[in-house]
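All remarks here apply to the structure that follows.
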Amino acid sequence: MRLPVHEIEADLKAAVARGERDRVLLKAPTGSGKSTAVPGMLMDAGISGKILVIEPRRMAARLLAGWVAKLRGSRLGGEVGYAVRFDTNYGRDTRLIYMTDGVFQRWLQEDPELKDVGAVVFDEFHERRLAVDVALGRCLDLQEAARPDLRVLVMSATLETRGLAEYLAPAQMLEAGGRTFPIETAYRPERPKVNDRRGGPPVETPVWERIATVCKEALALPDAGDVLCFLPGMHEIRKTVETLENASFARGHDIFPLHGGLPPAAQEAAVSPGKRPKIIVSTNVAETSLTIEGVRTVIDAGFAREASFDPRRGIDTLLVRKISRASAEQRAGRAGRTGPGRAFRLWSESEHARREAFDAPEVRRVDLAETVLLLKAAGVRDVREFRWLDAPLEESLQRSESLLHDLGAIDSHGNLTDEGRAMAALPLEPRYSRLMLAGVEQGCVAEMAFIAAAVQGEGIFVNKRGGIGRKDFVFKEDASDFEAEWRAFDSAAGMDFNPQRCAPLGIHGRGAREVAQGFDRLRKLALQRGWPWEPIDFAAHREPVGRAMLASFSDRLAVRFGEATLACRVVHKRKGKLDDDSAAKNAAAFVAAEITEVEGRDVTVQLRRATAVDPAWLKELFPGDFTLTDGAAYDEPRRRVVSRKETRFRDLVLESKESDHGINLDAAAEILAARVLSGELVLKNWDAAVDQWCTRLDYLGKWMPDLKLPGWSDEDRAAAVAQICHGAVSYKDIKERQVWPVLREWLSHTQRAALDSYAPERISLPNGQSAKITYEPGKDPWIALRVRDLFGVWQTPTIASGRVPLLVHICAPNHRPWQMTKDLASFWAGGYTQMKKDLAGRYPKQPWPDDPKAWLAAGGQKR
């Protein structure tokens, strides 16, 4: 079968014929045949070794492998195979393997030189998965070092390729056309229903009802063909399928769900040609890689679930977001494979123009801890120096390194530890690899597997009338909230996870089934590695469970402020609150497997799924994270400093004892000074004259740096106040203390003389008058005089050896400023005449000569 991508077959084979650092960037639209034909071209080009095709999704990897095997006339698992998580089908002689990026990431860990691999093909690179970005960088490094014969091919449908071409350089650029027909795009934005209740907000129509409405419209049109509907997740797909199955307009159509959680046979049925027209209700798995023949109509809800870091559970999770314009074009293109088609979008054309052009790369939105761990295990000591296509945010890197350090995977210098190497060898996120290893160490592997599965799932309990279902499963003697979850899970398993039977007990049947699947995978992992697996018994293993949880969640260690409150101090200077009905509410300390951080003035943390721990275990598990401090603290009610001895785990205070004896006087002075500087405590003798002195010294240091005065910064002020407070332990001791003795000692005799000379408190004027100079931070120094007292002062007075003119407040006879100027000569030339015109009539007893200089020369002041 001839496909559009075959037009570049000769160029592709030539590009990989040299056999030394061959790199190819192929841009070809979806439907061009690149995912199915290009790997075969590479095999036919005579490349020795296996050819690995990296796909972003398990379903695409499996279906593509089956389709290519069929095209090449071989059985699946023979010449062509696949490898996805928990499912592989290839043998020793398999030459072409389709695999997911996660599997390839682990393949690289186990075989960093890819010894039996001749080429790596990165398909659908435009999706910008983190694992793919990192794997590509590692392959390029490998190609430039031990494996110059390794071929690297990057294929993309919509990516802006300029930056990628520079990243891959030197690389051969190839572009193939597609096989598409015209597509008519129609927008169907939501029109919310009017709320029946007066004043109520509009009622939103569920997305499955909107899909059904547009589907009815589409099927009434000629040549509708098969219909492909895009929705964000399995819940929306299930509701849409139910709605369509009950709709009369969909009779005569086969309705198929399509998502990654379906069995392979069900996925195959959805994409294979059928006898009757089809309506396929899919997630974004149908957006790329797979071409579904017969589709002439696309209905797009405009949303997708994408990986994002969830701080609540400390894992990457899937959050619903609006798709980009590029993704919308990809989806619409599905309708134009076999003839002219239509695409209906459930949003407006104006909103479409406001959407992002491309999807943000995963490196900017997911947790990096696993990536950092794997890179360090691969020998990359400083991950910031790795050849990133898009560098990760520094905040994300620091958060990941902090977690890895807390888990014991890296030391304080960022070097990988033995524990970190063991964690990197497991196909799990770092926290859960540490959890499983801790289960092995403590003899509670099954319990840790259940907890890992439960935390990473969507939850076992649901709300029910009369309260939370969890309460019915909590026993008084429990030490962990997971004990109640296990009882509920065990009950759900006994009912075969039937939602109707589970719901009355407050159990989420589907959520429990999801936990069962994750639990079974971890059980198989444990058995593969020979770890001891015993039936779960939380009551018998309470201490081992607590120790293992502490090893894995030490960054979420918390202690309550007191026995009468559930408010807690949490590691990393956070504050939190424990659930009212938690099994750990009476524990001396606990770790929380689930947190919700709320940003406000402080970061407040809601603590859930807690497990009690003994603080004594901390010294055994983390001996290097303890500090004993003998310092001072401020007693707010008594307004005095006390001595405080603290035991800290990292930055969390585990124990604190206070006393009025043995107080460190240097620390006491700093504490009291800090409260003086904040305005909480007031030194009665720190008056306006002191502030003037401080401002004079600050200004003179800037005006005349050649004097080399010590200056007066905020740090200097703090040091001076601390000196005033030295020897005191309470506000009572410092309230009446003298200030000037400390300030006088701040300067030498010569420096004090310079201050008084160049930044004086008063200035003598040519007419014999003396004026007080006012110094204010951020303002020009100034004097204020009535106009009659300025007769004879014809030029602006200056200080600092003539470098700084004073601002003159020229006052009326009532001492109120009439004009402010730094140019007295201009005032006498023109401003005085106006002042006389404005004020002479109101103040006739004051002298208002027409010519002040002549009047003064004639002895006017003496009259």
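If you check R762, R752 for being touching a Ser or Thr at 6+ places or on another chain (Cβ under 9 Å), more than 19 Å from L681 (Cβ to Cβ), free of Cβ contacts under 8 Å to residues at least 12 places away in the same chain and not hydrophobic (A, V, I, L, M, F, W, C), only one passes: R762.
Would it be correct to say that P427 is more than 32 Å from the chain's Cα centre (by Cα) and at negative phi?
no
Here the condition is being surrounded by fewer than 23 Cβ atoms within 10 Å (Cβ to Cβ) and without any contact (Cβ under 8 Å) to a residue 40 or more places away in the chain; of D111, D116, D149, it holds for D111 alone. Going by the structure shown, is T317 modelled with pLDDT under 90, touching a strand residue (DSSP E or B) at 6+ places or on another chain (Cβ under 7 Å) and assigned to a strand (DSSP E or B)? Judged against the criteria, T317 is a match.
Here P277 meets each of (1) surrounded by 18 or more Cβ atoms within 10 Å (Cβ to Cβ); (2) of a type outside the set (V, I, T); (3) over 16 Å from A343 (Cα atoms) with one exception, condition (1). Of the residues making up the stretch 115-166, those that are part of a helix (DSSP H, G or I), within 17 Å of Q105 (Cα to Cα) and among the small types (G, A, S) number 3.
Against the test of being buried (at least 22 other Cβ atoms within 10 Å of the Cβ), under 23 Å from L368 (Cβ atoms), assigned by TED's automatic domain parsing to the domain that holds A17 and of a type in the set (D, E, K, R), the options R57, R128, R106 yield a single qualifying residue, R57. Is there a residue being crowded, with 18+ Cβ neighbours inside 10 Å, at pLDDT 95 or above and within 35 Å of the chain's Cα centre (by Cα) anywhere in the stretch 489-510? Yes: one or more hits. Among residues that are under 41 Å from the mean Cα position of the chain (by Cα) and part of a strand (DSSP E or B), V38 is not included. You will find that of V808, V804, the residue that is touching a strand residue (DSSP E or B) at 6+ places or on another chain (Cβ under 8 Å), touching a residue at least 40 places away in the same chain (Cβ under 8 Å) and buried (at least 17 other Cβ atoms within 10 Å of the Cβ) is V804 and no other. Listed by first and then second residue, the pairs linking a residue in the stretch 647-667 that is free of Cβ contacts under 8 Å to residues at least 60 places away in the same chain and surrounded by fewer than 13 Cβ atoms within 10 Å (Cβ to Cβ) to a residue that is among the small types (G, A, S) and in a strand (DSSP E or B), with Cβ atoms under 6 Å apart and 6 or more places separating them unless they lie on different chains, are S659/S643; G662/S643. Listed by position, the strands (runs of 3 or more DSSP E) contained in the stretch 555-645 that have at least 3 residues being surrounded by fewer than 18 Cβ atoms within 10 Å (Cβ to Cβ) are 589-599, 603-613, 626-635.
Looking at this structure, is E190 under 23 Å from P361 (Cβ atoms), acidic (D, E) and modelled with pLDDT under 90? First the steps, then the outcome.
Values: under 23 Å from P361 (Cβ atoms): no; acidic (D, E): yes; modelled with pLDDT under 90: yes.
No, not satisfied.
Annotation note: Cβ proximity below 7 Å between a residue of the stretch 239-254 that is exposed (fewer than 14 other Cβ atoms within 10 Å of the Cβ) and a residue that is basic (K, R) (sequence gap 6+ or interchain) occurs for G252/R276.
Listed by first and then second residue, the pairs linking a residue in the stretch 1-17 that is in a loop (DSSP other than H, G, I, E, B) to a residue that is surrounded by 15 or more Cβ atoms within 10 Å (Cβ to Cβ) and charged (D, E, K, R), with Cβ atoms under 9 Å apart and 6 or more places separating them unless they lie on different chains, are L3/K34; L3/R179; V16/D22; V16/R151.
The values are calculated or read from the model by the stated rules, or taken from the named source; none is laboratory data. Keep in mind that this is a model prediction, so the values were computed, not measured. As a convention, Cβ positions derive from the backbone with ideal geometry for all residues, glycine included, and neighbour counts pool all protein chains shown.
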